[in-house]
Amino acid sequence: MSILEDIKKLFGKGKETEGEGPRASVLAVLPEKIYESANLELQDVIAPSALKIDPKSINLGDKIARTFFIISYPRFLTDNWFSPIINLDKIFDISIFIHPIDTSLMLRQFQKKVAEVQSQINVRESKGMVRDPMLDTAYQDLEELRNNLIQAQEKMFDVGIYITIYADNDFELFKIENEIKSMLESKLIYIKPALFQQEEGFKSVIPIETDLLNIHQKLNSDPLSSVFPFISSNLTSDKGILYGINRNNSSLVIFDRFSLENYNSVTFAKSGSGKSYATKLEILRSLMFDTDVIVIDPEREYEFLAEAVGGRYFNISLSSDHHLNPFDLPIPREDETAEDVLRSNIINLVGLFRLMLGGLTPEEDSMVDRAISETYAIKDITPESDFFNIEPPLLSDLEMVLSGMDGSDSVVARLAKYTRGSWATFLNRPSNVDINKKFVVFSVRDMEDELKPVAMYIIMHYIWNAIRKNLKKRLLVVDEAWWMMKSEDTASFLYSIAKRGRKYYLGLSTITQDAADFMKSPYGVPIITNSSIQLLLKQSPTTIDILQKTFNLTDEEKYLLLESGLGEGIFFAGLKHVAIKIVSSYTEDQIITSDPSQILLNKKAKQEQETPTATGQTINVTEK
């Protein structure tokens, strides 16, 4: 018995009842009846809140849907012609209906069609008309297909392909429709909306195996196989290193950064999301492909990796035994002159002193530029010099030259802490660092925060001069690059390496966890645009909007980055991008891990192996 019938019975067929009797009874029974009858079914869960059917679209709650069907194909269909549609970063549904046709029936129809075409050809010949290429081609195609059908090499099918797109408003729906149309029409494939059949079209697309549109085109087996829909974007090439696994189809993301227009990359990720892990994994695999790697390490994360692969590790600090002289000069290459090298070095040094001295006025800038040239000159270093056997000047030599110039008191006073003060041990020494190894790490963790940008600038300047000496495939990794972006001079120098590195077979890998600070610099976005590879791992809500705008991420990609796990994100290479998961072998993981608990276990195991036992002492191990 329904609830309505119960109500009528209690109220006496609609008669109003006063008092406590029937009204009290109905109030008591209604909740129980409603609870018993309100069985929530699947269609109640998935159904939209409202539905409106128009001639060209359907309103489904807050979404608008429009269904299309394919009406025409070209003479030839290329492989994967449908892949741009399937990989389109939009919300849509596709249904493909394939109805087999009886071969004997098709052969009878083909016989009739071949006779018609042959008759038209004969009529044109009898009238002396020029041969029609379209008729000749149609005849050849029909004959070839008929032979394949007779030999059971092909079968015929009625194929219906329906596409339903979704959008939030009519304008967005119009944009998606035009995008899909332009993609297909460029391949001579044409679609039309299911006019006045949107309800049938929508029901044909949803997964209930019902073809209500019944709009088909005849395709044989060969072109039908090109519609194969189970594909997705991939970044698998014949050469390169393994970056990870494609999260969409579990294919391998194998790529060679040195095959792109430039060899640079940028990595953005929040702390603890696996950016250093991914970088160390790339370094380890790049070393196996004869790539030299140099790292600027602000947190001493690459020390164990350098030890494991037999590289060199330099700890740059005020108390360190490793020194870098910013006045060092590289040997000119065949396509360079000594004058070019000297001029470039002087310009870079002026930028360094602007950073060291807290800025320079235009007069001081000009004075420092002239003083650097004179400092080189007192060591007989001129544009005509041979740089093979020279002794570069030191910072104290520049101080001496500046002291003899008018109006230099302020510059000399600020420079004194680097030449005679507590920071003199850092800069005022000859270089004693040799980077002639396949893997080299410069650590600046123990450097005071105030001096870190200066130290990173000097290290990069030294590396840049060393790289220019000889042409080799190299990768320069700048971890926590936001330190470099804090000053315009250091950011400008980093950008110049990103632009000029390709000439010297150098790839620059820029890594940072502070995307906001990186983007604030005027050189942040240019560095990204000059990087052919971008890796975005898990992001924080505070920075995701900046990245979405910079990388043109969709809302789905935005939420993917917010919800990604450790080592998961989006990998961009050129014009392609895929969702990626960074994976490593057990041996690689032991070498590159940044997990503090695992590092402590590894150190403990190493100490136990290195601890010697007393002569003659026996160690018994009892297992319980």
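Some values worked out for this structure:
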| quantity | calculated |
| --- | --- |
| Matching option when the condition is farther than 20 Å from Pro84 by Cα, surrounded by 14 or more Cβ atoms within 10 Å (Cβ to Cβ), out of contact with any Pro (no Cβ under 7 Å at 6 or more places or on another chain) and of a type in the set (Lys, Arg), among Arg108, Arg131, Arg146 | Arg146 |
| Residue match in region 379-393 (condition: surrounded by 13 or more Cβ atoms within 10 Å (Cβ to Cβ), within 26 Å of Glu488 (Cβ to Cβ) and modelled with pLDDT under 90) | no |
| Test set (1) in a helix (DSSP H, G or I); (2) in contact (Cβ under 8 Å) with a residue 24 or more places away in the chain; (3) surrounded by 16 or more Cβ atoms within 10 Å (Cβ to Cβ) - Asp222 fails condition number | (3) |
| Cβ pairs under 8 Å, 6+ apart, first in region 502-522 and closer than 14 Å to Met460 by Cβ and touching a residue at least 40 places away in the same chain (Cβ under 8 Å), second aromatic (Phe, Trp, Tyr) and buried (at least 22 other Cβ atoms within 10 Å of the Cβ) | Leu506/Tyr263; Leu508/Tyr263 |
| Members of region 367-378 that are in a helix (DSSP H, G or I), among the hydrophobic types (A, V, I, L, M, F, W, C) and loosely packed, with under 15 Cβ neighbours inside 10 Å | Ala377 |
| Sole residue being of a type in the set (Ser, Thr, Tyr) and either modelled with pLDDT of 90 or more or touching a helix residue (DSSP H, G or I) at 6+ places or on another chain (Cβ under 7 Å) (or both), chosen from Ser286, Ser320, Ser276 | Ser286 |
| Search result, residues across region 558-597 that are modelled with pLDDT under 85 and either touching a strand residue (DSSP E or B) at 6+ places or on another chain (Cβ under 9 Å) or of a type in the set (Lys, Arg) (or both) | Gly574, Lys576, His577 |
| Qualifying helices (runs of 4 or more DSSP H) (wholly inside region 401-515; at least 1 residues being surrounded by fewer than 18 Cβ atoms within 10 Å (Cβ to Cβ)) | 409-419, 424-427, 488-500 |
| Candidate set from region 122-181 (those that are modelled with pLDDT under 90 and among the hydroxyl-bearing types (Ser, Thr, Tyr)); member that is nearest to the chain's Cα centre (by Cα) | Thr137 |
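The values are calculated or read from the model by the stated rules, or taken from the named source; none is laboratory data. This structure is a prediction, so every number in the text was calculated from the model and none was measured. Using ideal geometry, Cβ is built from the backbone for each residue, glycine included, and neighbour counts are taken over all protein chains shown.
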